[in-house]
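Inspection log for the structure reproduced underneath, given as structure tokens.
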Amino acid sequence: MVSAQLPADPCIVLVGATGALGATVLELIVEHRMRHREIRLVASARSAGRRIPVGGRAETVHDLEEFDFAGADLVLFCAGEEVSRRWVPVAMAEGALVVDASGAFSSHPEIPLVVPSVNDRLLTERPAEVVAVPSGMTVPLTVLLHAVERWRGVRHAVLSTYEAASGLGHQGVDELLDGAELTLSDPGAELPADRFRPALAFNVLPAVDRILENGASRQEQRLVQEARRVLELPDMDVAVTCVRVPVVSGHGATLFVETDAPVDRPELVELLSSLPDFVVHEGEDLGSAPTPLTAGDPDRFHVGRVRVGPHTSRGFLLWLVFDNLRAGGASTLLRIARIALASRASGERPKSLPR
């Protein structure tokens, strides 16, 4: 069992390298010049053998079923939950640090679920072998609620999300675009509905993921559970409704927060502007509010329509937009990976996931 500290320039393995999130992670590794001595790209058998440009060279995509994780220092999982449940223990057994974005371990009590600037202290208090990355919507929600809780206290929060097709990867985007093209050419045609049911083109779906026995969707349940866990507020009163909209990429949300103490709008705007990676868009006309097409910097969270409650000052409303693949996904994952790499102490590493 390897027990030395990770090198300054790690060998990085990217699982799910050809998917929407994986491709974005790879793009940011190159764009931000994340140091590494080697990068290995891994995907399913149907993508094996592809050559993908990484910086100034082309890297070959390896078949996950045949891949050897030996020698890997950092393994980034950007595939589905089933892939992570099967292969994360394999990567760990080779001594790698694992950062998983699938959601497979987000409720595991012994695996840290981390949002940078909110609870990344977990990685310095007890350096981890596996770190779970929350849902993209959980990240700005918890950053914001964490700040407001310390400022005025949070009594109740209501979140409504408007999630893009890219939340289901390349296949989700392709189905939306195919359906839109088909509708425009033949309004009466039966639309493809493999990834979204009913079809998403020119439609709005009142749930994201499957509906559970209690009436909530799986995505709504995940958001509530993750927010409570990251904020260490297990009884936090938060209600969530997740909606899928016919947008290629870029999630939106409305948020209402009822506070314990009165809110002054200028102070609230100042607080929001001070949050890491947040941009506040001010203006009286509709065009000043950020949208998936107009928000700007894809690595930041964009807030507009900030309003203090009309009948009470103990609360506020706002509109939130962000690039779900970059700000909510790849940027967050890589920030977590950097913190975990820097915090990981030398010592014997476990051979299996904590139970």
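Only counting other Cβ atoms within 10 Å, I'd like Asp260, Asp186, Asp277, Asp235 sorted with the fewest neighbours first. Intermediate results must be reported in sequence, preceding the final value.
Values: Asp260 13, Asp186 10, Asp277 19, Asp235 5.
Sorted ascending by nearby Cβ count, the order is Asp235, Asp186, Asp260, Asp277.
Out of Met137, Met236, Met92, any idea which swings most in a Gaussian network model of the chain, alpha carbons joined below 10 Å?
Looking only at Met137, Met236, Met92, the biggest GNM fluctuation is shown by Met236.
Using amide H atoms built 1.01 Å from N in the peptide plane, name the residues 5+ places from His251, or on other chains, whose amide H lies under 5 Å from its own.
Under 5 Å from the amide H of His251: Ala164, Phe322, Asn324.
Compute a Gaussian network model of the chain, connecting alpha carbons closer than 10 Å, and tell me which residue from Pro112, Pro290, Pro262 fluctuates the most.
Between Pro112, Pro290, Pro262, it is Pro262 that shows the largest mean-square fluctuation.
Residue by residue through segment 240-253, which ³J(HN,Hα) values in whole Hz follow from phi under the Karplus form 6.51 cos²θ - 1.76 cosθ + 1.60 (θ = phi - 60°), with glycine and proline marked x?
Per-residue couplings from phi come out as 10, 10, 10, 10, 9, 10, x, 10, 5, 8, x, 8, x, 7 Hz.
Taking only Cα atoms and a 10 Å spring cutoff, compute GNM fluctuations for the chain and point out the largest among Pro127, Pro246, Pro206.
Greatest mean-square fluctuation among the candidates belongs to Pro206.
In whole Hz, with x marking every Gly and Pro, tabulate ³J(HN,Hα) for segment 201-207 from phi via Karplus 6.51 cos²θ - 1.76 cosθ + 1.60, θ = phi - 60°.
4, 6, 9, 10, 9, x, 7
Below 11 angstrom from the Cβ of Ala289, what's the summed charge of the other residues (Lys, Arg +1; Asp, Glu -1)? List each step's numbers first, then the result.
On the way: positive: Arg305; negative: Glu282, Glu284, Asp285.
After counting each charged neighbour, the total is -2.
Could you list which residues have their amide H under 5 Å from that of Ser217, counting only those 5 or more apart in sequence or on another chain, with H placed in the peptide plane?
Leu212
Can I get the semi-axes of the chain's equivalent ellipsoid? Compute them from the C-alpha gyration tensor as square roots of 5 times the eigenvalues, in angstrom, largest first. Mind showing how you got there, number by number?
On the way: eigenvalues 222, 144, 69 Å².
Output for the chain: semi-axes of 33, 27, 19 Å.
Indicate the gyration tensor shape class of segment 140-296 (rounded, prolate or oblate), computed on the Cα atoms with a ≥ b ≥ c the square roots of the eigenvalues: a/c under 1.5 is rounded; otherwise a/b larger than b/c is prolate and the rest oblate.
On the way: a/c = 2.84, a/b = 1.62, b/c = 1.75.
Because a/c hits 1.5 or more and a/b fails to exceed b/c, segment 140-296 counts as oblate.
Let me see the pair-distance distribution of segment 284-348: every alpha carbon pair, 10 Å bin width, integer percents in order.
19, 30, 25, 17, 7, 2
Arrange the following residues from fewest to most other Cβ atoms within 10 Å of their Cβ: Ser84, Ser102, Ser274.
Ser274, Ser102, Ser84
Just to check I understand the Karplus step: with θ = phi - 60° and J = 6.51 cos²θ - 1.76 cosθ + 1.60, what whole-Hz values come out for segment 322-333, glycine and proline as x?
Here the 3J(HN,Hα) series is 7, 6, 5, 7, 9, 4, x, x, 5, 4, 5, 4 Hz.
Out of all DSSP beta bridges with both ends in the chain, state the antiparallel percent to the nearest 5. Before the final figure, lay out each step's value.
Numbers: 27 of 57 bridges.
The answer is about 45 percent antiparallel.
Can you sort His311, His251 so the residue with the fewest Cβ neighbours within 10 Å comes first? Write down the numbers at each step before the final one.
Details: His311 6, His251 27.
Arranged by neighbour count, lowest to highest, His311, His251 become His311, His251.
Just the number, please: percent antiparallel of the DSSP beta bridges in segment 1-141, rounded to the nearest 5. Numbers along the way, then the final one.
Details: 4 of 24 bridges.
The antiparallel fraction comes to roughly 15 percent.
Taking amide H atoms as placed 1.01 Å from N in the peptide plane, list the residues 5 or more away in sequence, or in a different chain, whose amide H sits under 5 Å from that of Val75.
Correct list: Val13, Leu97, Val98, Val99.
How long are the semi-axes of the ellipsoid equivalent to segment 38-174, from square roots of 5 times the Cα gyration tensor eigenvalues, in whole Å, largest first?
Values: eigenvalues 198, 80, 36 Å².
Result for segment 38-174: semi-axes of 31, 20, 13 Å.
Where nothing but the Cβ of Lys and Arg (+1) and of Asp and Glu (-1) is charged, how large is the charge dipole of segment 203-259 around its Cα centre, in debye to the nearest 20? If you can, show how the numbers build up before the last one.
Numbers: 6 positive and 8 negative charges, 62 e Å.
Dipole magnitude for segment 203-259 comes out near 300 debye.
Computed from the coordinates by the stated procedures, all read-outs in this text should not be read as laboratory data. The shown structure was predicted, so the numbers you read here are calculated from the model rather than taken from an experiment. Glycine gets a Cβ as well: all are built from the backbone with ideal geometry, and neighbour counts include every protein chain shown.
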